[in-house]
Amino acid sequence: MTPIEVNPHAGNWLGLWTLYSREVRRFLKVYTQTLVAPLVTTLLFFAVFSLALGRAVEQIGSVPFLEFLAPGLVMMAITQNAFANTSSSLVISKVQGNIVDTLMPPLNAHELTFAFAMGGTTRGLLIGLVIVTVMSFFVPMGVDNIGLVLYHAFMGALMLSLFGVVGGIWSEKFDHMAAVTNFIVTPLSFLSGTFYSIERLPEVGKFLASINPFFYMIDGFRAGFIGQADSDIVTGMLVMAGVNTVLWVLSYRMFKTGYKLKA
């Protein structure tokens, strides 16, 4: 019998699909925690802000406040869940000592990065779709530019998914991951214009927003719904593409070198 020749440069597509499927099934198996809980949290945010500020702030520019608020809350949920998926997967594997089961199969660094990143991105996009569907019953969610919505949803989810990979590999225990979440992800999310227009901020606040990549993903995503942006859309798209490239390369290098993954 003639042995089957395997081209080592062709890529391990079966292994890649298997790892990606594992990451997706991992969050679908506990959907009440990974899908239902973020939905409830986002609706609570929406209810609190609509009751507290709905009458005090009726318009943001020419857009009703609640229509302005809703896309920001959706994007915040997308990114936080994308980050949680990859970071928790890696940290749990490292703490439990079964990260070797991920590293031993014949998957190269690019394939590992792709599978983890797409798993987190899938979770982010899925929760975004669920929230938009449910929230449309409470506030108009008309789409002005579907291309902007899809681009920023995907790139935003990918950005935080990759950041979750970096944070998960760097973290040696749950306390480290909690620090990344509490001192980087959450502050950048809340200070990104989710609940307000940066036009209301002083010059220092506008400058800080301009160097926050979270601002561009939320601003562009919101513009896809309401047709109104606080920044230049093309600049924001380029910033997101640049940040994702840097995070992808960093994730690849971490897997390639075995940083904090191999003894």
Per the filter on region 168-185, residues touching a helix residue (DSSP H, G or I) at 6+ places or on another chain (Cβ under 7 Å) and among the aliphatic types (A, V, I, L, M) are ILE169, MET177, VAL180, VAL185
Which pairs turn up if I take residues in region 221-248 that are under 16 Å from ALA209 (Cα atoms) and among the aliphatic types (A, V, I, L, M) and look for partners that are open to solvent by 40 Å² or more (accessible area, probe 1.4 Å) and assigned to a helix (DSSP H, G or I) with beta carbon separation below 9 Å, at least 6 apart in sequence or on another chain?
MET237/TYR151; MET240/TYR151; VAL243/PHE163
Please work out if LEU150 is open to solvent by 40 Å² or more (accessible area, probe 1.4 Å) and closer than 30 Å to TYR31 by Cα.
yes
Looking only at region 154-185, filter to residues that are under 16 Å from the mean Cα position of the chain (by Cα) and free of Cβ contacts under 8 Å to residues at least 24 places away in the same chain; which one of those is least open to solvent (accessible area, probe 1.4 Å)?
ILE184
With the structure loaded, tell me whether GLY193 is in contact (Cβ under 8 Å) with a residue 40 or more places away in the chain and open to solvent by less than 20 Å² (accessible area, probe 1.4 Å) or whether it fails that test.
yes
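Of all residues in region 8-42, count the ones that are crowded, with 16+ Cβ neighbours inside 10 Å and among the aliphatic types (A, V, I, L, M).
Count: 5.
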Tell me which of these THR113 doesn't satisfy, since it passes every other one: (1) under 13 Å from PHE255 (Cβ atoms); (2) more than 18 Å from the chain's Cα centre (by Cα); (3) of a type outside the set (Phe, Trp, Tyr); (4) open to solvent by less than 40 Å² (accessible area, probe 1.4 Å).
(2)
Hits in region 197-226 (condition: surrounded by fewer than 21 Cβ atoms within 10 Å (Cβ to Cβ) and aromatic (Phe, Trp, Tyr)):
PHE207
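Tell me the residue from LEU188, LEU125, LEU107, LEU129 that is surrounded by fewer than 22 Cβ atoms within 10 Å (Cβ to Cβ) and either out of contact with any helix residue (DSSP H, G or I) (no Cβ under 7 Å at 6 or more places or on another chain) or of a type outside the set (A, V, I, L, M) (or both), please.
LEU129
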Unmet requirement for LEU69, which otherwise passes all of (1) more than 10 Å from the chain's Cα centre (by Cα); (2) farther than 22 Å from THR41 by Cα
(2)
Considering only residues that are part of a loop (DSSP other than H, G, I, E, B), of a type outside the set (Lys, Arg) and within 18 Å of VAL91 (Cα to Cα), which ones fall in region 232-263?
GLY258, TYR259, LEU261, ALA263
Selection count, region 66-104, where residues are surrounded by fewer than 17 Cβ atoms within 10 Å (Cβ to Cβ) and without any contact (Cβ under 8 Å) to a residue 60 or more places away in the chain:
7
When you go through ALA223, ALA209 one by one, which is the residue that is in contact with a Pro (Cβ under 9 Å, 6 or more places away or on another chain) and part of a helix (DSSP H, G or I)?
ALA223
Tell me, please, whether a residue that is surrounded by 19 or more Cβ atoms within 10 Å (Cβ to Cβ), within 22 Å of ASN145 (Cβ to Cβ), at pLDDT 90 or above and not basic (Lys, Arg) can be found in region 227-239.
yes
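The values are calculated or read from the model by the stated rules, or taken from the named source; none is laboratory data. Predicted model, so just to flag it, every value in this text is computed and none were measured. Neighbour counts are summed over all protein chains in view; Cβ atoms, including those assigned to glycine, are modelled from backbone coordinates with ideal geometry. For accessibility, only protein heavy atoms count, side chains too; no ligands or nucleic acids. Shrake-Rupley method; radii C 1.70, N 1.55, O 1.52, S 1.80 Å.
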